[in-house]
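J.: Can you keep this structure in mind? I'll have questions shortly.
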Amino acid sequence: MWPFFLERTILTRKRIRGSIAGVCEIVQNTESWCSLHPLVTKIEQDPANPRRYKITDRLHGPMHLWEYDNSFHAVFEPKNDEHDRGVNVSVQLAQSFLFPKLENKLRVMDTEEPGVVEVLETVELRAFCILIPYITSNLTKSHNASMDKLAEKIEGILWLCRYMICSHSMPQKRSQLIHLHNGRLHADMPEALTLVLALFLTLGFIVFFRVASRDPYGLYHLTLNREPGEDPNFTPKTEWLNQGYWKVSPTPFTALALKLVEAAKLKGGDRVLDSDVGHGTGESLIMFLTDPAVPRPSRLTGVTSLTSHYKRSKERVSRVRALNDEAAKVRVDLYHGDAICRSTTPPTHPLHVLNAAKFDVIFALDCAYHFNTRKEFLAQAHRKLTPEGRIVLGDLCFGTDGPPAQKTTLFRTAEIIGLMPKENVVPTREYIQILEELGYTDIVLEDITADVFPGLVNFLCAKGFLWRMYANIIGWYRRIAHIRFVIVTGRKPLI
Ligand SMILES: C[S@@+](CC[C@H](N)C(=O)[O-])C[C@H]1O[C@@H](n2cnc3c(N)ncnc32)[C@H](O)[C@@H]1O
């Protein structure tokens, strides 16, 4: 056969927070599993053999020049041995002369991390050599996408709803023939209920974020700073309110702040606008005043919009300065208000053109995505930086992958839930472009998503049911919206 027919093996691997039973429930149910597959448009069960299905894929030709439907038969064989859980799929293609073999083996295994399983899909194929690049590219992309959807389903809102539905032990209604039109599944009863519950949950969160609190922050972060076994009646040692840098434990929140300090190349005597504008309840201010790893600034200016945070920061900073001679030498000015200077803002605002203050470093930790707009903040900050002054931000932006239509909805969602104004929903590329247009140089954008979100989600999941629910929802939204956590630095040139 060789070299006319070639064999290939494609491995798709994904770690999912969930159980083997939970994953198998989906992958061993052919309709559920196929509904996650982006190419599948129709599946029909063989009345004579319930394990055999006729599946129709919507495929496109090379360079997306045309689209066509391709049907094939597949036999699904669930595996439920003690150490071998998953499903085997044997495919018979109509074009068996050019594409004689397609076998799929999906296995779900425990990992060394409790509560996390690994799903491994092995596709073995043999095909006419010219077709190999087209087939392997299609299979790799679509199988990766279905794995991602599987993870979303298990870890996201639908997972929570399914859990609730199961607890009501509703009878499962199975359709013998499921049609998918325009990629939408004609839902059976539990799926419809799942959707309704998901909508209620989402609405609940929108109301929570938009109506119950204008600024989504309060003092709940004190609970998250408390170490295991610490007395809940006492305030915790730290009061961070950022998402953490989980490569470094046990102090990931401090580690994220220190990562920004390092990126800012802070020098002793710098005038720092801790425009950690939302410096929360003042932990970063205290870090600048006391942390041995941070060069002491000569002047520290803070801006925050929330009254309770402003008052608490003022009290905490005064206490630290009263007890620490080195901290007492630093001039500290705290401003209560919006990060952005508007036409009605008094000249005491640190970014006001009439305010004589200039800054060597402007520091914004996990907050600039809230500002309306971030671009305006970056422009005002540029005007207030000394020549050679640096801006450093720990910020959120979006990946560039994903279809544009989906992005539009997701962009709206970020705005609706009050996470950020729509103008701030920009991909990494555009973020850099904005800084360049405003006159910043030496721009560096470091994507540290992998060291931020998974660690935060694991941490929240261990904090009880409500936190776990919240973590699952933000984890799911972050993944489908391709949210990235980035450290961004820029410099104002000499002239
Ligand atoms: C995620 S917290 C980060 C807190 C702090 N940087 C830390 O690391 O602990 C975001 C902060 O931004 C503040 N914030 C949101 N919008 C703001 C605005 N327009 N102006 C000033 N602060 C704002 C919030 O009140 C909150 O304190």
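The values are calculated or read from the model by the stated rules, or taken from the named source; none is laboratory data. Small disclaimer: the values here were computed from a predicted structure and weren't measured. We place every Cβ from the backbone using ideal geometry, glycine too, and count neighbours over all the protein chains shown.
J.: Among the residues of region 239-254, which ones are surrounded by fewer than 20 Cβ atoms within 10 Å (Cβ to Cβ) and within 16 Å of the ligand (Cβ to nearest atom)?
T.: Result: VAL248, THR251.
J.: Among the numbered criteria (1) over 34 Å from the mean Cα position of the chain (by Cα); (2) under 21 Å from ALA368 (Cα atoms), which single criterion is violated by ASN324?
T.: The single condition ASN324 does not satisfy is (2).
J.: How many residues does region 286-322 contain that are of a type in the set (A, V, I, L, M) and within 11 Å of the ligand (Cβ to nearest atom)?
T.: Residues of region 286-322 of a type in the set (A, V, I, L, M): 286-287, 289, 293-294, 300, 303, 306, 317, 320, 322.
If we keep only those that are within 11 Å of the ligand (Cβ to nearest atom) too, we end up with 286-287, 303, 306.
Going through region 286-322 one residue at a time, the tally reaches 4.
J.: Answer yes or no: is there a residue in region 462-472 that is buried (at least 16 other Cβ atoms within 10 Å of the Cβ), touching a Gly at 6+ places or on another chain (Cβ under 8 Å) and of a type outside the set (S, T, N, Q).
T.: No, that holds for no residue.
J.: Does VAL426 satisfy the condition of being in the same structural domain as ALA257 (by TED's automatic domain parsing), touching a Cys at 6+ places or on another chain (Cβ under 9 Å) and in contact (Cβ under 8 Å) with a residue 24 or more places away in the chain?
T.: Criteria met by VAL426.
J.: Just checking, how many residues over region 215-237 are on the phi < 0 side of the Ramachandran plot, surrounded by fewer than 18 Cβ atoms within 10 Å (Cβ to Cβ) and in a loop (DSSP other than H, G, I, E, B)?
T.: 16
J.: Right, another one. Within region 322-339, count every residue that is out of contact with any Ser or Thr (no Cβ under 8 Å at 6 or more places or on another chain) and of a type in the set (A, V, I, L, M).
T.: Count: 3.
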